[in-house]
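**Q** Mind looking over this structure? Questions follow.
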Amino acid sequence: MDILLVASAFNSLSQRVYAELSDQGHRVDVVLASHGPEAVRAAVRETRPDLVVAPMLKSAVPEDVWQEHTCLIVHPGPPGDRGPSSLDWAIAEGAPRWGVTVLQAEAAMDAGDVWADGSFPMPPVGKSDVYRNEVADAATAAVLQAVRRYADGSYKPRPQSDPGIRVVWRDFFRQERRRIDWEKDGTETVLCKLRGADSQPGVRDELCGREVFLHGGHPEDRLRGEPGELLATRSGAVCRATRDGAVWIPELRPRKSSGDPAPFRRPAASVLAGFPAPPGFHGMPGSSDRPYWLPEIAAPLELPPDRTTWTDIRYRQRGDIGFLTFSFPGGAMSTTHCRRLLAAYRYALSRPTSVLVLGGARDFFSNGIHLNVIEASSDPAGESWSNLNAMNDLVEAVLRTTDRLVVAALGGNAAAGGVMLALAADEVWCRTGSVLNPHYRNMGLYGSEYWTYSLPRRVGAETAERLTTEALPVSAAAAERIGLVDRLLPVPAQEFPGEVERLAAGLADDPELLTQRITAKATARHADELQRPLAEYRRTELARMRAIFFDPHAPYHALRSAFVRKLPSGSARPLAAGDAR
């Protein structure tokens, strides 16, 4: 069928629905509702769709559109649940299970007939993580089922007046409900509030006399202080005392001001570094990375199993297998992130293993360079250059590893340089719910991280050209078909780490075959180096990227600013299969 996706943003769920509907053979076009109702009407007139699907919508479909076309809306709540903050309420109320519903658009919000639905257990993670994984799994399955039912023509959608559906209206979840009382709230309550707003909208609070929004929360088992007291920093995060413990907060967002009407999230310590010191602290110079008045408390790379604390990079070893896991907010990797991960990778190489698993956690693998940190820099061009070189150093280290087998395990989405980091490994394992964006064009970039070597080596020159110019999302299944991915793991997000460990053990169980593979990869790397050195790929790519970074008129700068500030950019023209957007 010809299907038009209407979405407020082409976010992770919209991309996944787009990719999987395309895999089913449908012709899929996309229009952004954020461009206004006239853009939606124009897209409908231009594409004349058989069906309209709205995976993520913050505004209503124009009435004349849903009256003339069947419009299926994805609601992140079970049948009968209504309101704009469904997932927020589920987390706040500690729901053990939740659901999604695909319903038909009508005048009343979320009140249309039900075409399909699904349910899932609620894991103890942040809202954005649940949304990209459990919600996305259930929503995509429900959309595919609803589309099949619509195409069949015989299915009658279930009205919400059905006695088996309990209708519950939930109001917008306002900041008043999210407010943390540091004197009274225990750690679990604080964590629940932080996790319920980790990506958007954040929890409004005050630090050092300034209003900020807190993003993300993780427990801390040892540090203690007066409720609300800032205790330490670690890898960009800050630790804050609760009534009965402490929590780590990875990111902060300053409030709007006349100087910056659209502030954005970035590492918490760097935001605090720009605030005035509390009374009693004098004489030390400021820092762009962290406030000088807070100690930096590192966590060991090999964290003991009895510790409950936050750290974004961990290493552990099981027999002949090393596991280097990392998890950065939003999948973005700053210069500091890249350098720290490279140091951890070199440590992993010093350990006596024959298999090294890179990644393996649920949710994002990597989305490449950290655009928010770059945007916040006093020298965005210079920071872009530093970040890209640090990312290249990391990817090069993986490419040059010839004494063991390296597996990249993608539990979630990956994009741009993050995809190329994965492709530097010998094998790429991917959870079936992941979406890959192996391109840079949407940010006005040529790309680096050795993509001109790794991508054609994997998929061939013609497919590499198509992927990087079309700039469209690729489902995990499609990625396997074209050679981007070696193995699909059809498991829920919560089971992904255990499945990775089981499969890695299978690799290590055949030492003779493993030795043969390691010898063959070393031989192939040597032959490739003789044909064209990695340094030449890097030099050519970086020359193109440097010209973009240091050109103040290059589209990259405006695109980056709009992206991190969540401001509209581009035209309202529909995105069709084959379009490069």
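The values are calculated or read from the model by the stated rules, or taken from the named source; none is laboratory data. Quantities reported herein were computed from a predicted structural model and do not represent experimental measurements. Here the Cβ is made from the backbone with ideal geometry for all residues, glycine too, and neighbour counts use every protein chain on show.
**Q** Could you give every pair whose Cβ atoms fall below 8 Å, whose first residue belongs to the range 234-258 and is at positive phi, and whose second residue is hydrophobic (A, V, I, L, M, F, W, C) and surrounded by 24 or more Cβ atoms within 10 Å (Cβ to Cβ), counting only separations of at least 6 or pairs across chains?
**A** Partner pairs satisfying both residue conditions: 236/268; 236/269.
**Q** Of the conditions (1) modelled with pLDDT of 95 or more; (2) touching a Gly at 6+ places or on another chain (Cβ under 8 Å); (3) surrounded by 14 or more Cβ atoms within 10 Å (Cβ to Cβ); (4) of a type in the set (Gly, Ala, Ser), residue 199 clears all except one; give me its number.
**A** Tallying (1) modelled with pLDDT of 95 or more; (2) touching a Gly at 6+ places or on another chain (Cβ under 8 Å); (3) surrounded by 14 or more Cβ atoms within 10 Å (Cβ to Cβ); (4) of a type in the set (Gly, Ala, Ser), residue 199 fails exactly one: (1).
**Q** Does the range 452-466 contain at least one residue that is crowded, with 17+ Cβ neighbours inside 10 Å, free of Cβ contacts under 8 Å to residues at least 60 places away in the same chain and touching a Ser or Thr at 6+ places or on another chain (Cβ under 6 Å)?
**A** no
**Q** Among 386, 366, 354, which is the only one that is modelled with pLDDT of 95 or more, among the hydroxyl-bearing types (Ser, Thr, Tyr) and within 24 Å of residue 479 (Cα to Cα)?
**A** 366
**Q** Can you confirm whether residue 186 is closer than 24 Å to residue 92 by Cβ, surrounded by fewer than 16 Cβ atoms within 10 Å (Cβ to Cβ) and in contact (Cβ under 8 Å) with a residue 40 or more places away in the chain?
**A** yes
For every residue, the table says whether it meets (1) more than 30 Å from residue 73 (Cβ to Cβ); (2) touching a Leu at 6+ places or on another chain (Cβ under 9 Å).
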{"site": "163", "(1), (2)": "no, no"}
{"site": "200", "(1), (2)": "no, no"}
{"site": "231", "(1), (2)": "yes, yes"}
{"site": "234", "(1), (2)": "yes, no"}
{"site": "241", "(1), (2)": "yes, yes"}
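**Q** Does residue 251 count as in contact with a Phe, Trp or Tyr (Cβ under 6 Å, 6 or more places away or on another chain) and among the acidic types (Asp, Glu)?
**A** So residue 251 does not fit the description; no.
**Q** Consider residue 522 carefully, then state whether it is surrounded by fewer than 16 Cβ atoms within 10 Å (Cβ to Cβ) and in contact with a Ser or Thr (Cβ under 6 Å, 6 or more places away or on another chain).
**A** The answer is yes for residue 522.
**Q** Which helices (runs of 4 or more DSSP H) does the range 427-546 wholly contain that include 3 or more residues that are in contact with a strand residue (DSSP E or B) (Cβ under 7 Å, 6 or more places away or on another chain)?
**A** Fully inside the range 427-546 and qualifying: 476-482, 496-508, 511-531.
**Q** Within the group 49, 62, 124, 79, which residue is within 30 Å of residue 249 (Cβ to Cβ) and assigned by TED's automatic domain parsing to the domain that holds residue 14?
**A** 124
Every residue, every condition in (1) touching a Gly at 6+ places or on another chain (Cβ under 7 Å); (2) closer than 20 Å to residue 292 by Cβ, yes or no:
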residue: 170; (1), (2): yes, no
residue: 177; (1), (2): no, no
residue: 187; (1), (2): yes, no
residue: 217; (1), (2): no, no
residue: 223; (1), (2): no, yes
residue: 230; (1), (2): no, yes
residue: 235; (1), (2): no, yes
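**Q** Next question. Please indicate, with yes or no, whether at least one residue in the range 124-146 is acidic (Asp, Glu), under 22 Å from residue 169 (Cβ atoms) and either in contact (Cβ under 8 Å) with a residue 24 or more places away in the chain or part of a strand (DSSP E or B) (or both).
**A** No, there is no match, as no residue in the range 124-146 is acidic (Asp, Glu), under 22 Å from residue 169 (Cβ atoms) and either in contact (Cβ under 8 Å) with a residue 24 or more places away in the chain or part of a strand (DSSP E or B) (or both).
**Q** Shifting gears a bit: Name the pairs whose Cβ atoms lie under 8 Å apart, with the first residue in the range 480-509 and in the same structural domain as residue 466 (by TED's automatic domain parsing) and surrounded by 16 or more Cβ atoms within 10 Å (Cβ to Cβ), the second among the basic types (Lys, Arg) and in a helix (DSSP H, G or I), and 6 or more positions between them or separate chains?
**A** 484/458
**Q** Among the candidates 418, 444, 412, single out the residue that is at pLDDT 95 or above, surrounded by 18 or more Cβ atoms within 10 Å (Cβ to Cβ) and under 30 Å from residue 552 (Cβ atoms).
**A** Selected residue: 418, the only one of 418, 444, 412 that is at pLDDT 95 or above, surrounded by 18 or more Cβ atoms within 10 Å (Cβ to Cβ) and under 30 Å from residue 552 (Cβ atoms).
Conditions tested, residue by residue: (1) of a type in the set (A, V, I, L, M, F, W, C); (2) buried (at least 17 other Cβ atoms within 10 Å of the Cβ); (3) under 27 Å from residue 224 (Cβ atoms); (4) under 24 Å from the mean Cα position of the chain (by Cα).
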residue: 269; (1), (2), (3), (4): yes, yes, yes, yes
residue: 276; (1), (2), (3), (4): no, no, yes, no
residue: 294; (1), (2), (3), (4): yes, yes, yes, no
residue: 297; (1), (2), (3), (4): yes, no, yes, no
residue: 301; (1), (2), (3), (4): yes, no, yes, yes
residue: 306; (1), (2), (3), (4): no, no, yes, no
residue: 313; (1), (2), (3), (4): yes, yes, yes, yes
residue: 335; (1), (2), (3), (4): no, yes, no, yes
